[in-house]
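One structure is given here, and the rest of the page talks about it.
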Amino acid sequence: MSLEICQTAEEMSRLREGWRNAGLKTGLVPTMGALHEGHLSLVAKISPLVDRTIVSLFVNPTQFAEGEDFRNYPRTEQEDVEKLETTAANAVFVPTAKEVYGDDMSATISPGSLAAGLESDTRPHFFGGVVTVVHRLFELCRPDRAIFGEKDYQQLLVIKQMVRENNLDTDILSGPTIREKDGLAMSSRNAYLDASQRKTAASLNRIMRELCDSFTSQRDLARLPALEGEAANRLLAAGFSGVDYFTVREAETLGPATEKSDALRLLAAARLGDIRLIDNMPLS
Ligand code: AMP
């Protein structure tokens, strides 16, 4: 089946109404384009679970603050479409901001409690933009299921919370983080790294794994602040210019890790000049 390309809300609506009338279940993979193996893994995971798969490519202006990289964000639509032609995707939705937002480009949906801290400490506008665009894409595509990457772990939890709190009837699935050979999590923004930064970037995942390895027992919480502090120092020594956070949290609530926590997650964000990398992993 060939890949349908929809540019307007009306085209999208016509396509999905046809599918719904035929009783076909639809899955959505929201992306900002500049597709890599991480995005394609989400297409591969959701497509066997639905009848039709839509991938959206939309660089969402409301999740960027003034001075962030909205203008420079990599836009590779032609290559993205060519990559999607090799996958099980049935449609690609490439709307303009006007098609998504009309004339009101403000973030109108408020994120819930899981948006507090971590990413929001550095990017306070970010989750408002994310939940607003996801809500809007759900209105336009009306997916039965949608999939998001664990790569953006706090975002995944914030979206699940938004869906619960707004009683949306889209099932949220998640896919594991796809990495380069040296452990660096794939990201469209990795294209900004020069050769020397690219080398340094790999140490983020390595230093995170080292913390996980030395944290042998979930009951070993007293050592955590020291381990987190040492890891942050090692990142700086490896060439990172700043560490926004490097912290072990309760996996479901993102609250502090305690003896009562069922599962723990290490989350980190660090900067290489203007480039900000994030990553996360479970602590076993
Ligand atoms: P983005 O285009 O960066 O907004 O990402 C679109 C979707 O792909 C989000 O759900 C991300 O979490 C997910 N994603 C990004 N990078 C990866 C990766 N390396 N592995 C798996 N999923 C990813």
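The values are calculated or read from the model by the stated rules, or taken from the named source; none is laboratory data. Quick caveat: nothing in here was measured; it's all calculated off a predicted structure. So basically every Cβ, Gly included, is an ideal-geometry build from the backbone, and we count neighbours across all protein chains shown. For accessibility, only protein heavy atoms count, side chains too; no ligands or nucleic acids. Shrake-Rupley method; radii C 1.70, N 1.55, O 1.52, S 1.80 Å.
Table for the structure above
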read-out	value
Residue among ASN233, ASN167 that alone is more than 16 Å from the ligand (Cβ to nearest atom) and not in a helix (DSSP H, G or I)	ASN167
ILE5 being at pLDDT 95 or above, over 24 Å from ARG123 (Cα atoms), open to solvent by 30 Å² or more (accessible area, probe 1.4 Å) and not acidic (Asp, Glu)	yes
Matching entry among VAL158, VAL134 (being near the ligand (Cβ under 10 Å from one of its atoms), open to solvent by less than 70 Å² (accessible area, probe 1.4 Å) and not in a loop (DSSP other than H, G, I, E, B))	VAL134
Qualifying residue in region 97-116 (condition: open to solvent by less than 20 Å² (accessible area, probe 1.4 Å), of a type in the set (Val, Ile, Thr) and more than 18 Å from VAL43 (Cα to Cα))	yes
Neighbours by Cβ (under 6 Å, 6+ apart or cross-chain): first from region 82-101, in contact (Cβ under 8 Å) with a residue 60 or more places away in the chain; second of a type in the set (Phe, Trp, Tyr) and surrounded by 16 or more Cβ atoms within 10 Å (Cβ to Cβ)	PRO95/PHE58
Among (1) of a type in the set (A, V, I, L, M); (2) outside any loop (DSSP other than H, G, I, E, B); (3) within 21 Å of the chain's Cα centre (by Cα) - the single one LEU254 does not satisfy	(2)
Test: residue in region 150-162 that is hydroxyl-bearing (Ser, Thr, Tyr) and under 15 Å from the mean Cα position of the chain (by Cα)	yes
Pair list, Cβ under 7 Å, 6 or more apart: region 270-283 residue assigned to a strand (DSSP E or B), other residue basic (Lys, Arg) and open to solvent by 10 Å² or more (accessible area, probe 1.4 Å)	ILE275/ARG189; ASN280/ARG265; PRO282/ARG265; LEU283/ARG265
Identity of the residue in region 255-284, among the basic types (Lys, Arg) and touching a helix residue (DSSP H, G or I) at 6+ places or on another chain (Cβ under 8 Å), that ends up surrounded by the most Cβ atoms within 10 Å (Cβ to Cβ)	ARG265
Boolean, ASP244 is at pLDDT 95 or above and either open to solvent by less than 40 Å² (accessible area, probe 1.4 Å) or under 30 Å from ILE159 (Cβ atoms) (or both)	yes
Any hit, region 44-58, residues being of a type in the set (Phe, Trp, Tyr) and open to solvent by 20 Å² or more (accessible area, probe 1.4 Å)	no
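Here's the yes/no breakdown for (1) within 14 Å of the ligand (Cβ to nearest atom); (2) within 17 Å of GLU150 (Cα to Cα):
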position	(1), (2)
GLU4	no, no
ARG16	no, no
ARG20	no, no
LYS25	no, no
ALA34	yes, no
SER41	yes, yes
ILE46	yes, yes
ILE54	yes, no
